[in-house]
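The values are calculated or read from the model by the stated rules, or taken from the named source; none is laboratory data. If you're wondering where the values come from, they're calculated on a predicted model, not measured in any experiment. Quick reminder, even Gly has a Cβ in these numbers, built from the backbone with ideal geometry, and neighbours come from all protein chains shown.
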Amino acid sequence: MKRSISLIGLCLSTGSAFAASQVLLETPVTYAPDASVVQQVKDECHLEDMLARHVGDTLRKINRTGDGTLASQADAGDAKVLRLQITHVLGVGGGAWSGPKAMTVSADLIEDGKVARHTKINRWSVGGMWGAFKGTCSILDRTTVAISKDLGRWVCDPSYEIKEEAPPKEASSPTAEAVPTKAE
């Protein structure tokens, strides 16, 4: 919560120039053509909807208006557009018992129809407190929350560089090689 407040404060402090140019998330969020993701996780978790909800909420708070999203092919007007593609998902069913989960997203910030900035973001989770009792989808939802916070800061601050997140220690555990089971 404290991080969200400071993120909003950072964006609001950029002055009236920012207010004139909102950032909207292009929906639907898509998968890259060569995205690596277990089909069952893709079908059951609806990761693109999770990202759209969390990133859209973050942009709505930053913009202080609307829902933070824009339908694909719609006219953005003076707004900048954030286009996301899921490029990789590490995660099989079995929740925390099958190891940590990760998501990689490619992001383009589009101004006047041209890509002004590009970044790639990868976030990991083992489920947090009570992670052993969470399903794969809820653990991956935690990664989308982290991605939305980082992207919120990235769109507000052109000097902010998203750092690659190292896998947690649990990523090398034998349970990370578990056989896929039901995703939720």
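Give the residues of the range 1-40 that are modelled with pLDDT under 95, within 13 Å of I86 (Cα to Cα) and outside any strand (DSSP E or B), sorted by residue number. Passing the criteria: V37, V38. Could you tell me whether A102 is modelled with pLDDT of 95 or more and assigned to a strand (DSSP E or B)? Judged against the criteria, A102 is not a match.
Determine, yes or no, whether V55 is in contact with a Cys (Cβ under 8 Å, 6 or more places away or on another chain), part of a helix (DSSP H, G or I) and closer than 21 Å to A146 by Cβ.
On the way: in contact with a Cys (Cβ under 8 Å, 6 or more places away or on another chain): no; part of a helix (DSSP H, G or I): yes; closer than 21 Å to A146 by Cβ: yes.
In short, no.
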